[in-house]
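The values are calculated or read from the model by the stated rules, or taken from the named source; none is laboratory data. Nothing here was measured: the structure is a model prediction, and the numbers come from that model. For neighbour counting, all protein chains shown are included, and Cβ atoms are generated from backbone atoms with ideal geometry for every residue, glycine included.
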């Protein structure tokens with residue numbers, strides 16, 4: 001099951017408390033966490049458990065003046081439903097795909113269909129290297145510091161910028177913020193790059 005607050009609860013609260021309505025006008029960044037994220041404290045790259053990660057992200061979001069909505073599930077379908085319900089707003093997504101980085105074909109399609117602007121965060125170097133989601137994300141980051149950096153990046157972006165995915169679902173070159181591109185990213189960019197014709201039609 002995917003745990004998140006229902007929209008109607010927020011709307012009812014806004015009728016009672018005007019400050020709630022004001023908060024609802026803030027940018028909301030979706031935090032999607034894939035299978036096994038409750039056990040990330042065992043991963044050496046993160047240096048903290050899942051509860052500490054969530055607390056740090058909420059504290060940073062408060063500083064940035066944005067809201068975050070969490071959805072963690074061991075089922076890919078729950079993450080798809082969560083994205084679909086927010087598709088009208090071209091969502092910004094802080095994505096912790098875990099193993100879905102290697103086999104999340106449906107999640108990759110959903111990111112494209114909802115025109116999501118996503119930052120991919122990993123705690124496993126092998127998953128990051130082989131990620132099939134990378135061409136549809138702005139950048140790949142690692143660990144707790146990477147998660148905070150990704151949240152800041154998404155918070156600074158203009159609403160609906162959609163830099164991670166081009167028109168008609170064609171992936172744009174992924175930004176790496178000075179990091180080396182993965183082999184999968186390089187192949188994707190080569191396949192979508194216009195061919196030179198040297199003046200020939």
Problem - Single match in 69, 118, 88, 50 (criterion: free of Cβ contacts under 8 Å to residues at least 60 places away in the same chain and under 12 Å from the mean Cα position of the chain (by Cα)) - result: 118
Practice task
Grab the helices (runs of 4 or more DSSP H) fully contained in the range 95-201, keeping just those with 3 or more residues being modelled with pLDDT under 90.
Solution key: 125-129, 183-192
Practice task
State whether one or more residues within the range 31-38 are modelled with pLDDT of 75 or more, assigned to a helix (DSSP H, G or I) and touching a strand residue (DSSP E or B) at 6+ places or on another chain (Cβ under 9 Å).
Solution key: yes
Practice task
Answer yes or no as to whether residue 19 is in contact with a strand residue (DSSP E or B) (Cβ under 9 Å, 6 or more places away or on another chain) and modelled with pLDDT under 80.
Solution key: no
